[in-house]
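Only one structure is covered here, and it is reproduced in the block below.
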Amino acid sequence: MAADLIPITPPADLSESNEPPRLTRVQRQAILALVEYPSVPEAAEAIGKSPRTLQRWLGRPEFRDALDRILEARETAIAAELQTHADLAIETLAALAANNWTKDGPRVQACRHLLEYGERRLERVRKRTESLRS
C-alpha cells in the first residue's frame, strides 16, 4: 500500500526552519509516518514511539492541523494525477470511437483500468484521511 502513495513535499511548517517550530522533529516525522503507514501502531513503530504517544499527539490541535494539511496535499496530488489520466483516457476513447477499422479492445480496456485504478487509489487516500481525522 505504501507503494501507492505519492511522495509530497511537506509544507514549510513541517520542514526544518530557522523559526521556532510549533512541532518537534519527531512530531513532524510522526505526521509523515501517519500518512505513509496504514495504521497508528505501524506509524509509531516506524518512528520508535508508542501508539499511545501518537494518539495523544493526534489530540493536539497544532499536530492535527499539520496532519490535515499533509493529507489534503496528498489527496490533491492524487486527484490531479487522476485528472491527467482521465484526460488521456477520454482522448484515447474519443479517438478509438472515431476509428472504425482498428481493433481497439485492449486500448479501451486499458483506459477503463487506468480510470478505475485512479478512483480506487483516491478512495483509499480519502478513507485513510477520514480514519485519521476521526
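The values are calculated or read from the model by the stated rules, or taken from the named source; none is laboratory data. Keep in mind that what you see is a predicted model, and the values were worked out from it rather than measured. Methodologically, a virtual Cβ is constructed for each residue, glycine included, from the backbone with ideal geometry; neighbour enumeration extends over all protein chains shown. Heads up: the accessible areas ignore ligands, DNA and RNA and are worked out on the full protein's heavy atoms, side chains in. Shrake-Rupley method; radii C 1.70, N 1.55, O 1.52, S 1.80 Å.
What to note about this one:
- Selected residue (only one of A77, A94 is more than 30 Å from T53 (Cα to Cα) and open to solvent by less than 70 Å² (accessible area, probe 1.4 Å)): A94
- Residues being buried (at least 16 other Cβ atoms within 10 Å of the Cβ) and modelled with pLDDT of 85 or more - total across the stretch 80-91: 0
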